[in-house]
Amino acid sequence: MTSELGRLIARRIALTGPISVADFMAEALGHPRLGYYRRAMPLGAAGDFTTAPEISQMFGELVGAWLAERWQAMGRPAPVRLVELGPGRGTLMADALRATRAVPGFHAAAALHLVEISETLRDAQEAALGAFKPAWHASVDQVPDGPTLMVANEFLDALPVRQFEKTPHGWAERMIGLAADGETLRFALTPGPSPFASLLPASVRDADLPPGTLAEASGAVAHQATAIAARLMRQGGWALIVDYGRDDTAPGATLQAVRRHRGVDVLDRPGETDLTAHVDFAAVAQAATAAGARVFGPAGQGDFLRRLGIEQRARALKARTSEPAAIDAALARLITADQMGTLFRVMAVGDDRSAAPAGFSDTPSDTT
Ligand SMILES: C[S@@+](CC[C@H](N)C(=O)[O-])C[C@H]1O[C@@H](n2cnc3c(N)ncnc32)[C@H](O)[C@@H]1O
């Protein structure tokens, strides 16, 4: 049994032909009534997945300290647009704001802007952050002008990707069509090479790869990275991007589906399943650099958080809790290599030509 949205997508395919993986993802996540992010609460133990700020307050606190330090480095502009892309339950920003209460002038200067498509999550954000009078927007382009501090944790991985398969005749695009029953969704290939393969970087597109090799590219991620960097170049400011992904563009298919904390088939019950793909940080860096911005990282999340002092923060929290083991477990989850410490990457984008911001080594290609 598929979902209501699965039936709608099948009907559209029956009428107009196969759709790209990117169109499928956009529909499955963003359909106005039935899309995954328009429906129930996806985050937390009762939802489908959890995230770093939901694992521990330490994550948002350290991100808050990073943002406040960048604000000071910018010359303490007032107002400053404090922007979060995809804020989830508002936990990261609530922890960041609590941790920066004592930074003189920061809260008075910060105007909070949240970019969010989910009504359910907007309600949760209102509950967590209402005291800071946030303004909500559907896209980053709608945030009013002004110097900007931006954070995006697990936002880019939700943006649509295209998938390609190498054939003896070139790169075909993986599409979603219908099985013989006329209802079941299934993967298919374009009959010939796809013009969208031009989205793949030359290092993949022109490489001598065997037929059957898969590759991904996201025009939506490149567009976001360009929009963020162009804004920072025009208005001044910094963005911190955290996501799971890879530093170099490489062949492979990373699109995955998760429901109730378990991996499921990508085409299974669209609208009821979270779909994400690893972020290609090389493509993000390339788009941001092309817009004139300076890029630091990606660094591993573990290294980034250690450099910001997460171990000291964990010790301080342990000294005043009756459950120190829970703090140790959360710390390990955030920073160790076999958990989130290496797979999750952190990148800073800024308009500045100065030294590396906190958490990054002093070279633009910090790939630790
Ligand atoms: C995986 S959750 C991450 C939530 C939060 N940053 C955290 O770390 O807990 C993705 C967030 O991005 C939002 N989102 C996804 N696609 C979006 C889009 N196209 N525009 C705006 N928000 C989007 C989701 O509703 C959700 O708040």
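Readers should treat all values here as calculations from the given coordinates under stated rules, not as data from a laboratory. Computed from a predicted model, the values in this text were never measured in an experiment. Don't worry about glycine lacking a Cβ; one is built from the backbone with ideal geometry, like all the others, and counts go over all protein chains shown.
Its Cα centre serving as origin, region 83-202 has a Cβ charge dipole (Lys and Arg +1, Asp and Glu -1) of approximately 260 debye.
Against the main long axis of the alpha-carbon atoms of the chain, helix 310-319 sits at an angle near 60°.
Oblate is the label for region 303-348, because a/c, from the alpha-carbon gyration tensor with a ≥ b ≥ c as root eigenvalues, is 1.5 or above and a/b does not exceed b/c. Does region 70-133 come out rounded, prolate or oblate by the C-alpha gyration tensor, with a ≥ b ≥ c the root eigenvalues, rounded set by a/c under 1.5 and, if not, prolate when a/b is larger than b/c and oblate if not? Prolate shape, in that a/c is at least 1.5 and a/b is the bigger ratio.
With the simple model of a label 7 Å out from the Cα in the direction of the Cβ, ALA316 to ARG234 spans 3.8 nm. Between region 277-315 and region 80-143, the alpha-carbon centres lie 21 Å apart. Relative to the Cα centre, the charge distribution of region 274-368, modelled as +1 at Lys and Arg Cβ and -1 at Asp and Glu Cβ, gives a dipole magnitude of about 320 debye.
Of the trypsin sites (Lys or Arg not before Pro) in region 43-118, which ones lie in a loop per DSSP and count no more than 14 other C-beta atoms within 10 Å? Could you put the intermediate results ahead of the total?
Numbers: sites: ARG70, ARG81, ARG89, ARG98, ARG101; in loops: ARG89, ARG101.
For trypsin sites (Lys or Arg not before Pro) across region 43-118 that sit outside H, G, I, E and B with at most 14 neighbouring Cβ atoms in 10 Å, the list reads ARG101.
With the charge dipole of the chain set up from +1 on Lys and Arg Cβ and -1 on Asp and Glu Cβ about the Cα centre, the Cα lying farthest toward the positive end among the listed residues LEU317, ALA172, VAL279 is that of LEU317. Over the C-alpha trace of the chain, radius of gyration and Dmax come out as 20.9, 66 angstrom. What the Cα atoms of region 269-308 give is an Rg and a Dmax of 14.9, 42 Å. Restricting region 228-326 to trypsin sites (Lys or Arg not before Pro) that sit in a DSSP loop and have at most 15 other Cβ atoms within 10 Å of their own Cβ leaves ARG260, ARG320.
Where Rh denotes the Kirkwood radius from the mean inverse Cα pair distance, what is Rg over Rh for region 1-160? List each step's numbers first, then the result.
Working: Rg = 18.0 Å, Rh = 17.1 Å.
For region 1-160, the value is 1.05.
For the chain, the mean residue ellipticity at 222 nm estimated from helices alone is -10000 deg cm²/dmol, where every DSSP H run of n ≥ 4 contributes -39500 (n - 2.57) and the total is divided by all residues, rounded to the nearest 500.
Overall, the anisotropy analysis places region 234-368 in the oblate class: the square-rooted eigenvalues a ≥ b ≥ c of its C-alpha gyration tensor yield a/c not less than 1.5, with a/b not exceeding b/c. A straight chain from THR16 to ALA135 at 0.36 nm per residue would run longer than the Cα-Cα distance by 39.0 nm. Dipole check for the chain: with +1 at the C-beta of Lys and Arg, -1 at the C-beta of Asp and Glu, and the Cα centre as origin, the magnitude is about 700 Debye.
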